[in-house]
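Novice: Can you keep this structure in mind? I'll have questions shortly.
The values are calculated or read from the model by the stated rules, or taken from the named source; none is laboratory data. Just so you know, these numbers come straight off a predicted model, no measurement behind them. Cβ sites come from the backbone with ideal geometry, for glycine too, and all protein chains shown count toward neighbours.
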Amino acid sequence: MKKSVGAIITYKNKFFLQKRDTRHDIYFPGLWGVFGGSLKNGESPKMAIEREIMEEINVKLKFKKFLENDILSKNFNPRRRRYFFYSNIKHQEIKKIVLNEGESFGFFNLKQLEKLSIVPWDYAAIKYFYFSKIENMRVIPQKKSK
């Protein structure tokens, strides 16, 4: 199974996204998505997300694991496991960003995200993150008491 990582990075309740390159040898060319990439041999997901962020934007961030899901699709053979991590970025770190991969980047609130062409599972992970971590919405049903 192929494995990849994605970084949900926030700043003041806005999400930091990458506009993907338009090359034909990558998934979802030209769409917006979270920063991340594939795991290398022997690499843990946590190591991979830290490496990918350094490679892509030249900033060191501390990440916490948020979500893991399997993507089953005829377009992804073999099946892919995607690990999502999250971190907040500080203003002084934003100033240090050097974009080494992708066409551009930006910070978007939830309303702005709805208007973007965005990688579908990145969008789903961001929405889930928003409701569970930012809005602190209860996402797991409570058992009914008798």
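Novice: Quick check: is even one residue across the range 12-19 modelled with pLDDT under 95, in a strand (DSSP E or B) and over 11 Å from the mean Cα position of the chain (by Cα)?
Specialist: The answer is no; no qualifying residue exists.
Matching residues to (1) surrounded by 12 or more Cβ atoms within 10 Å (Cβ to Cβ); (2) of a type outside the set (S, T, N, Q):
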{"position": "Glu43", "(1), (2)": "yes, yes"}
{"position": "Asn58", "(1), (2)": "yes, no"}
{"position": "Lys65", "(1), (2)": "yes, yes"}
{"position": "Asn69", "(1), (2)": "yes, no"}
{"position": "Pro78", "(1), (2)": "no, yes"}
{"position": "Ser87", "(1), (2)": "yes, no"}
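Novice: Residues to consider are Val98, Val139, Val119; find the one that is of a type in the set (A, V, I, L, M) and touching a strand residue (DSSP E or B) at 6+ places or on another chain (Cβ under 8 Å).
Specialist: Val119
Novice: Mind checking whether some residue in the range 101-111 is of a type in the set (S, T, N, Q) and either under 14 Å from Ala7 (Cα atoms) or free of Cβ contacts under 8 Å to residues at least 60 places away in the same chain (or both)?
Specialist: No, there is no match, as no residue in the range 101-111 is of a type in the set (S, T, N, Q) and either under 14 Å from Ala7 (Cα atoms) or free of Cβ contacts under 8 Å to residues at least 60 places away in the same chain (or both).
Novice: Could I ask something else about it? Restricting to the range 63-92, count the residues that are modelled with pLDDT of 95 or more, in a loop (DSSP other than H, G, I, E, B) and over 17 Å from Ser38 (Cα atoms).
Specialist: 2
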